[in-house]
Amino acid sequence: MKLTVFQFEGTPEELDASQVLKDLTDQHRGPLSVVAQAGREGGAMPARIQGVADEGQQTVRRLLGRSPAPGLFVRFLEETTRWDNVGVYGIRRKNAQPDTPLDYSRYLRLRKQGSQLGGFAYIYAEYSTINLRLNYSKQQLDELGAVTARTLTTGHREYRVSVDLSDETSLAHALQLAKLAYDAT
């Protein structure tokens, strides 16, 4: 048995236009299977990641390059930054000098400007994980229909709900719960 495997990355248009890809597949004999990577959506990243300050664009792009679901993460940001007064912020490290730029290398904070409660979500681009300012039990999450969400037992007691973006269902649950957290802050 002989097995030949090719893996190509690019937009559908780029793959269709590739002469090398055409030459390789024209020589292929036997059945052909195309497998899309789960969570990775077709198309290139947008020119600008919605809501992220210029100083954090390069860092967030680099993290999204390692993410299991960069397209879903970008869509989450695009939707949440449309809500009234939502800002995306890096983190000011402890003992940082006043003129030190914010740090975008670990996580981003979504915050309703004017709120005294801080962020309503902490989001991790590298892992496509959304941690929300909700102190809900697993039973409460299940009653809301957010079955892809999980409760956390560590970290700040106010941020106990997390969603890993992996498909359209998890994105819908993350947005539903983010709206609840946003409304509560």
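The values are calculated or read from the model by the stated rules, or taken from the named source; none is laboratory data. Computed from a predicted structure; not experimentally measured. Glycine gets a Cβ as well: all are built from the backbone with ideal geometry, and neighbour counts include every protein chain shown.
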Please go through (1) over 11 Å from residue 178 (Cα atoms); (2) modelled with pLDDT of 95 or more; (3) among the polar types (S, T, N, Q) for residue 153 and return the number of the only condition it doesn't satisfy.
(2)
Looking only at the stretch 120-137, decide whether some residue is over 13 Å from the mean Cα position of the chain (by Cα), over 16 Å from residue 79 (Cβ atoms) and among the polar types (S, T, N, Q).
yes
